[in-house]
Amino acid sequence: MTDAIAVELSNKGFEVIDSSSMIKLLDRLNMSELDISKPQGMAKLQAQGIDAYFTARGVIAKDGRPINGTARLTSVHTGKVLAAVSWENGWGGQAGSIADRTMRKGVTEAAAEITNALVKDISQR
């Protein structure tokens, strides 16, 4: 779901570094994902022209539809959260039923909702 949210952010005009390029950048900077949130890591990202980093987590059901997710944009300049969202999929009856499959959103719809909420949160801060 992280990649789907990144695509949606890109579609909204944000400059997004794809995950494989980010892994290469971290390797080149001799950093791990854990280093990103530390002051030294944020300084290294700033030096590369990066303003914020994005993290997302989610749980996907057996049918491939998301159950829930969280997303956060954090400034590398201040370390403060620029926007954060918790999202939960709807439900429509017995798990696996036609009503349930009809009511629950897929990854693309979930990513769009999460992205819209992130952008709204940014504009309200």
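Taken together, the values in this text are just the output of simple stated rules run on the coordinates, not laboratory data. Source: prediction; values computed, not measured. Neighbour counts run over all protein chains shown; Cβ positions are idealised from the backbone, glycine included.
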Charge dipole magnitude, Cβ of K and R +1, D and E -1 - segment 2-124, Cα centre, debye nearest 20 = 160 debye
query = Once the other residues with Cβ under 13 Å from the Cβ of MET22 are scored (Lys, Arg +1; Asp, Glu -1), what is the net sum?
reply = -3
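Just from its helices, what would the mean residue ellipticity at 222 nm be for the chain, if runs of 4 or more DSSP H residues each count -39500 (n - 2.57) and the sum is divided by every residue, rounded to the nearest 500 deg cm²/dmol?
Numbers: 5 runs with 53 residues, N = 125.
Rounded to the nearest 500, it is -12500 deg cm²/dmol.
Calculate the FRET efficiency for SER123 and ALA43 from the Cβ-Cβ distance with a Förster distance of 35 Å, rounded to the nearest 0.05. Walk me through the intermediate numbers first.
Details: r = 27 Å, r/R0 = 0.78.
Efficiency for this residue pair is about 0.80.
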task = Mind pulling the angle between the C-alpha long axis of helix 2-11 and the longest principal axis of the chain? Nearest 10 degrees, somewhere in 0 to 90.
result = 80 degrees
request  = Note the angle between two axes, namely the Cα long axis of helix 19-28 and the longest principal axis of the Cα atoms of the chain, as a number of degrees from 0 to 90, rounded to the nearest 10.
outcome  = 20 degrees
task = Just need the relative contact order of segment 1-120 here, percent rounded to a whole number, with Cα pairs under 8 Å and 6+ apart.
result = 23 percent
note = In the chain, lysine pairs 8 or more places apart or on different chains with C-alpha atoms under 19 Å apart total 7
note = So the angle from the long Cα axis of helix 107-124 to the longest Cα principal axis of the chain, reported in degrees to the nearest 10, equals 50 degrees
